[in-house]
1. Would you mind getting me the FRET efficiency between Ile214 and Asn50? Use the beta-carbon distance for r and R0 = 22 Å, nearest 0.05.
2. Determine, for His274, His229, His210, the number of other Cβ atoms within 10 Å of each Cβ, and report the residues in order from fewest to most.
3. Under a crude label model (7 Å from the Cα following the beta-carbon direction), how far is Leu125 from Leu366 in nanometres?
4. Please give the Cα centre distance for region 255-278 versus region 113-179, rounded to the nearest Å.
5. Which FRET efficiency, nearest 0.05, do Asp322 and Phe181 yield, Cβ-Cβ r, R0 45 Å?
6. Considering the options Asn173, Gln12, Gln138, tell which one lies farthest towards the positive end of the dipole of the chain, charges being +1 on Lys and Arg and -1 on Asp and Glu at the Cβ, about the Cα centre.
7. Residues of region 179-222 with the amide nitrogen closer than 18 Å to a label point 7 Å from the Cα of Ser352, along Cα-to-Cβ, please.
8. How high is the relative contact order of region 248-348? Use alpha-carbon pairs under 8 Å, at least six apart in sequence, and give a whole percent.
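Readers should treat all values here as calculations from the given coordinates under stated rules, not as data from a laboratory. Just so we're clear, the structure is a prediction, and the values are computed from it rather than from any experiment. Here the Cβ positions follow ideal geometry from the backbone for every residue, glycine too, while neighbour counts run over all protein chains shown.
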Amino acid sequence: MIQTIGILGGGQLGRMMAFAAKAMGYKIIVLDPNLNCPTNKIADKQIVANYNNIDAAKELYNCCDVITYEFENVDLNVANILEVKLPQTSRLLEITQNRILEKQEIKNGGLKTVHYEIVNNANTLENFKHKYFQNPTQAIIKSAIGGYDGKSQFKIKSIKDFEKFEQESYDENIQYIIEDFIEFEKEISVVVCRNKNKQVAIFPIAENIHKNQILQQSIVPARVNNAIHEKAIQLAEHLANHLNLIGTIAIELFVYNDELIVNELAPRPHNSGHYTLNACLTSQFEQHIRAICNLPLRDTSLVSPCVMLNILGEDNYLLNTDNIKEFAYHFYEKEVARVGRKMGHINIIKNSVEECLTLSSKLINLNKLN
Ligand code: ADP
Ligand code: MG
């Protein structure tokens, strides 16, 4: 019987997993190098150590019945050591840590990605410079490993941008991909959970608005036609089975020419699924815990339209709870607010998406004024 769950990573996702797991009666041990991490306040115990500390990983292994990760940059050696108790598997981590492996796996599953090429010693940056001289298109260069929230990404609109990247940011020891920048119609995402018994549960599709490549709002239900809704649900089920998923994946999609293109995968609950905390019969965090503990998955039905609004470090005004007390708010107890850092989120619940959006625009404008 599972009594204690270990979480690798103590950020907001670990914290919200821990809340859900505690409500279900489990004990939580979190491994994170920072003693003041958001999960620390919820967990029964923290092992304070780096993610590549083998002794700490063994300690976690010995104290827990099952282990999960809340982010993809956990050390692979550590994940390998924990394998027996890690239902999500180190293989899924390996794939989602590296954009090249991830895109290959998406294609192996018969799904589309944007056109991309790998930049490495054999296919150097210099080659791409020539290509772009001849056929100027917009592109994004992304490091293969380690980026999040638009970090380690460089938008290339002209040869000048290219040269700037070459001079200021390019590191020949790092692998990059260069992908076509596409003018998508919409960005949407779908969170899907699956347990060892192969039961699959898919959450309603979210429409995502990014600002500076960071998620700003998720709108649910997504304002896309029924055919796109259906396609996204089928794609999620297909990918979960293809990956033999145990746990959760979030699939970020571009809607482009009425088709779905997979942008990236996250092997865990996702920011665009935070709306489920207030708007669905089951939250993505409870469902994730159920999936890794091989419990039956619960109903994911949407109870109400919702807009989720992220609160970043620079959104000081929104940190004043007087302004948001009529909405469901979630703060992560992070001690330092930095620009672009996710500090919390608000779930706005109203009878229609339009009403939710009117309120979120009000909050965004209020924030601009201050
Ligand atoms: P991460 O979320 O890991 O930082 P993403 O690849 O999801 O990286 O990029 C962040 C955001 O940048 C996307 O959600 C999207 O808004 C934009 N973006 C990324 N790649 C492309 C692309 N090829 N074309 C258009 N927009 C893109
Ligand atoms: Mg992304």
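1. Computed FRET efficiency for Ile214 and Asn50 comes out at 0.25.
2. Lowest count first: His210, His229, His274.
3. Spacing of the two 7 Å Cα→Cβ label points: 4.5 nm.
4. 24
5. 0.65
6. Going by the Cα projections, it comes out as Gln12.
7. Backbone N within reach: 219-222.
8. Result for region 248-348 is 22 percent.
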